[in-house]
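Novice: Quick one: structure below, then a few questions.
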Amino acid sequence: MSNVLILLKREFASFFATPVAYVFIAIFLILSGVFAFFVGGLYERGQADLLAFFNFHPWLYLFLVPAMAMRTWSEERKSGSIELLMTLPISTWQAMIAKYLAAWLVLGLALVLTFPLWLTVNYLGNPDNGIILAAYIGSWFMAGAFLAIGICMSAMTKNQVIAFILSVVVCFLFVVSGSNIVLDIFKNWAPNLVIDTIASFSFLTHFEAMSKGVIALNDIGYFLLVTLTWLFAGLIIIDQKKAD
Amino acid sequence: MISVKNLYKSFGDVMAVDDLSFEIKPGDVVGFLGPNGAGKSTTMKMLTGFLPQSSGEISIFDMSLSQHPIAIKKRIGYLPEGAPAYGDMTTLQFLNFIAQIRDYSGKEKQERIQDVIEKVELQDVLDKPIENLSKGFKRRVGLAQALLHDPQILILDEPTDGLDPNQKHQVRQLIQNLAKDKIVIISTHILEEVSAVCNRVMIIANGKLMFNGTPEELNRKSRYYGAITLRFSYKADTSELEELEGVAGMEVNPENGDITLFAEPDKQILHLVTALIQRCKLPVDSLMIEQGRLDEVFRDITQMEKAE
């Protein structure tokens, strides 16, 4: 476990040494603010909640998280430092967990730094802070699922651009599978079971419930499951083709 | 002790390592020689547990590498080809990270880091990001990382590549000064390096082990080993030299007129040659006993396969 901690510290520091973390946090704060106020109409809605803010998170994460995840393994491959890392007395899963947690913490930090919005709605009205907390937690777990997909794609290639594009595509599939556009295609001919299954794969469906303040075990469980599955897939990929 | 039995590694159709078997004992400083693409790096990557072998068995200190990878990795120091490191870290941060992951903490960690910084002379670049360092310093950071835990096995893939002659000398000195009960494996293209630091040579070509012995034995393989080369101040009649007893042949260098005399196997010809020079008053400027020409032996050994 201490190995994970040491690796985690290194990864976390590296996010701030290369300005990836600063850029990510700055862009995330700006865009989430812009979307919440101008597109979501945070003021105009006249309600003391942050729904307008949280609604856009899946779409923000869709591009920002893959951009952050793309370097995790690709860069190790490209620079050859993967050979150094894998010949240290650690196991591959420790490196994987450390890389994931480091990036997840940066995502969490970005979320925490949106607190002025929370202060704003509390100043303007009396929101249900329990709901807001639940939405924050849900958003963080969803970001973790996006991140795991990005890390897995990064494990596949030494080219960061390819890793980025692949993870955006896969993330996009996970996001839209619950939207009406996709479900309409199936509606006319597929049985309900199929439609429900497709819809249940969607990040949107699971996040929607949480952004309204319902932390159901199956929603959190869903995001955890997605995260673990993709990390495990990434682990297998790294073990199989670390030298390519 | 490292013991390798029938090691194979293939990448698709290409056989990178083809039936390697050898043993290396503590105290051995092994020079891994071979042309580019011969399988040196692949072999080293398998020894360090980075690449899995296609088949065959590697055991280190009587433990199977595939079953106890972490216990073995703890005892190996490895400098991968090109000395990769985390470029965004400073030298000190990087060494600190390596020391932590190697289970050092507190005072002992500081001592280890300090010790290795002095050994490879990194004092001037401690606070510089590694990506901004020159090639020579990067290589030294890589060496420092490999030496930090004073490993029993040190595997260095082209440790002197890209270093200037002074730095090369330093690295060789460093390797020679390591405790005598360690295993050191270095790969190199530079033949002199082998005679300078190694007490054992392995030559690999096309994934096969072509030679395994001491540098002395390698020298002996040269037809120049023990031959005598003479340089004359002006052209003289040298036909008598070739007829001396024990001289197997003579070669004249067309460029400068140097004459090389080859001895028959196990014959000493030096005293006969010097006697003849005195008797005939040959105008000899210099006389040199050849130690064998490694580059020639290397070519012979590594190209044997192709010729067949």
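Novice: Cross-link list B:138/B:168; A:99/B:138; B:45/B:74; A:99/B:74: which exceed 20 angstrom alpha carbon to alpha carbon?
Specialist: Numbers: B:138/B:168 14 Å; A:99/B:138 24 Å; B:45/B:74 15 Å; A:99/B:74 22 Å.
Over 20 Å Cα-Cα: A:99/B:138; A:99/B:74.
Novice: Next question. How high is the FRET efficiency between residue B:70 and residue A:185 when r is their beta carbon distance and R₀ equals 41 Å, given to the nearest 0.05? Mind showing how you got there, number by number?
Specialist: On the way: r = 50 Å, r/R0 = 1.22.
After rounding, the FRET efficiency stands at 0.25.
Novice: Give the carbon-plus-sulfur fraction of the accessible surface of the protein assembly as shown in %, rounded to a whole number; probe 1.4 Å, heavy atoms of protein chains only.
Specialist: Values: 14860 of 25810 Å².
So the carbon and sulfur contribution to the accessible surface is 58 percent.
Novice: Then there's this: So what's the convex hull volume per residue for the Cα atoms of the protein assembly as shown, in Å³? It would help to have the intermediate numbers written out before the result.
Specialist: Values: hull volume 117.3 nm³, N = 552.
With only Cα atoms used, the protein assembly as shown gives 212 Å³ per residue.
Novice: In addition: Looking at segment B:2-220, what % of its DSSP beta bridges pair antiparallel, to the nearest 5?
Specialist: Numbers: 21 of 39 bridges.
Of the beta bridges lying entirely in segment B:2-220, close to 55 percent run antiparallel.
Novice: State which entries of A:78/B:109; B:5/B:182; B:25/B:135; B:25/B:119; A:158/B:208 exceed 28 angstrom in Cα-Cα distance in the structure shown. Could the numbers behind the result be given before it?
Specialist: Details: A:78/B:109 30 Å; B:5/B:182 21 Å; B:25/B:135 32 Å; B:25/B:119 25 Å; A:158/B:208 30 Å.
From the list (A:78/B:109; B:5/B:182; B:25/B:135; B:25/B:119; A:158/B:208), the Cα-Cα distance tops 28 Å for A:78/B:109; B:25/B:135; A:158/B:208.
Novice: Treating the beta-carbon of each Lys and Arg as +1 and of each Asp and Glu as -1, no other charges, what is the dipole magnitude of chain A about its Cα centre, to the nearest 20 debye? Show your work: numbers first, answer last.
Specialist: On the way: 12 positive and 13 negative charges, 109 e Å.
Here the size comes out at about 520 debye.
Novice: Right, next: Could you compute the FRET efficiency for residue A:129 and residue A:241, with r as their C-beta to C-beta distance and R0 at 30 Å, rounded to 0.05? Walk me through the numbers on the way to the answer.
Specialist: Working: r = 47 Å, r/R0 = 1.58.
That gives a FRET efficiency of 0.05.
Novice: Using amide H atoms built 1.01 Å from N in the peptide plane, name the residues 5+ places from residue B:248, or on other chains, whose amide H lies under 5 Å from its own.
Specialist: B:262, B:263, B:264
Novice: Compute the label zone of residue A:215 within segment A:45-70: residues whose backbone N is under 15 Å from the point 7 Å along Cα-to-Cβ.
Specialist: Output list for this probe position: empty.
Novice: Now, a different point. Please list the three semi-axes, largest first and in whole Å, of the ellipsoid equivalent to segment B:228-290, using sqrt of 5 times the eigenvalues of its alpha carbon gyration tensor.
Specialist: Numbers: eigenvalues 59, 35, 21 Å².
Semi-axes (√(5λ), whole Å): 17, 13, 10.
Novice: Oh, and also: Select from B:291, B:273, B:301 the residue farthest towards the positive end of the dipole of segment B:246-308; place +1 on Cβ of Lys and Arg, -1 on Cβ of Asp and Glu, and compute about the Cα centre.
Specialist: Sorting the options by dipole projection puts first B:273.
Novice: Given 0.36 nm per residue, what is the gain on full extension from residue B:5 to residue B:296 after removing their alpha carbon distance, in nm?
Specialist: 101.8 nm
Novice: Taking +1 at the Cβ of each Lys and Arg and -1 at the Cβ of each Asp and Glu, which of A:17, A:109, A:172 sits farthest along the dipole of segment A:2-240 towards its positive end, judged by Cα position relative to the Cα centre?
Specialist: The residue sitting farthest along the positive end of the dipole is A:17.
Novice: Specify whether the C-alpha gyration tensor of segment B:104-168 places it in the rounded, prolate or oblate class, a ≥ b ≥ c being the square roots of the eigenvalues: rounded for a/c under 1.5, otherwise prolate if a/b is larger than b/c and oblate if not.
Specialist: Numbers: a/c = 2.17, a/b = 1.33, b/c = 1.63.
The shape class here is oblate.
Novice: Which loop-located GluC sites (Glu not before Pro) does segment B:225-305 contain, where loop means any DSSP state but H, G, I, E or B and the Cβ has at most 12 other Cβ atoms within 10 Å? Could the numbers behind the result be given before it?
Specialist: Details: sites: B:240, B:242, B:243, B:245, B:251, B:255, B:290, B:296, B:305; in loops: B:243, B:245, B:255, B:290.
Listed in order of number, the matching sites are B:243, B:245, B:255.
Novice: Here is a follow-up. Just by accessible area at a 1.4 angstrom probe, what is the order of A:104, A:93, A:118 from largest to smallest?
Specialist: Values: A:104 40, A:93 120, A:118 90 Å².
In descending accessible area the options line up as A:93, A:118, A:104.
Novice: Same structure again: Classify chain A as rounded, prolate or oblate, taking a ≥ b ≥ c as the square roots of the eigenvalues of its Cα gyration tensor: rounded when a/c is under 1.5, otherwise prolate if a/b is larger than b/c and oblate if not.
Specialist: Details: a/c = 2.07, a/b = 1.38, b/c = 1.50.
Since a/c reaches 1.5 but b/c is at least a/b, the shape of chain A is classed as oblate.
Novice: Related question: Report the accessible surface area buried between chains B and A, summing both sides, using a 1.4 Å probe on protein heavy atoms only, in Å² rounded to the nearest 100. Walk me through the numbers on the way to the answer.
Specialist: On the way: alone 15940 and 12110 Å², together 25810 Å².
Chains B and A together bury roughly 2200 Å² of accessible area.
Novice: Can I ask one more? Bins of 5 Å, beginning at zero and ending with the bin holding the largest distance: percent of Cα pairs per bin for segment B:21-119, please.
Specialist: Binned Cα distances yield the sequence 2, 10, 16, 20, 18, 16, 12, 5, 1.
Novice: Calculated FRET efficiency, residue B:19 and residue A:43, Cβ-Cβ r, R0 60 Å, to nearest 0.05? Before the final figure, lay out each step's value.
Specialist: On the way: r = 75 Å, r/R0 = 1.26.
So, using R0 = 60 Å, E works out to roughly 0.20.
The values are calculated or read from the model by the stated rules, or taken from the named source; none is laboratory data. Remember, it's a predicted structure, so these values are computed and weren't measured experimentally. Please note: Cβ atoms are built from the backbone with ideal geometry, for glycine as well, and neighbour counts cover all protein chains shown. The accessibility values were calculated without ligands, DNA or RNA, using every heavy atom of the protein model including side chains. Shrake-Rupley method; radii C 1.70, N 1.55, O 1.52, S 1.80 Å.
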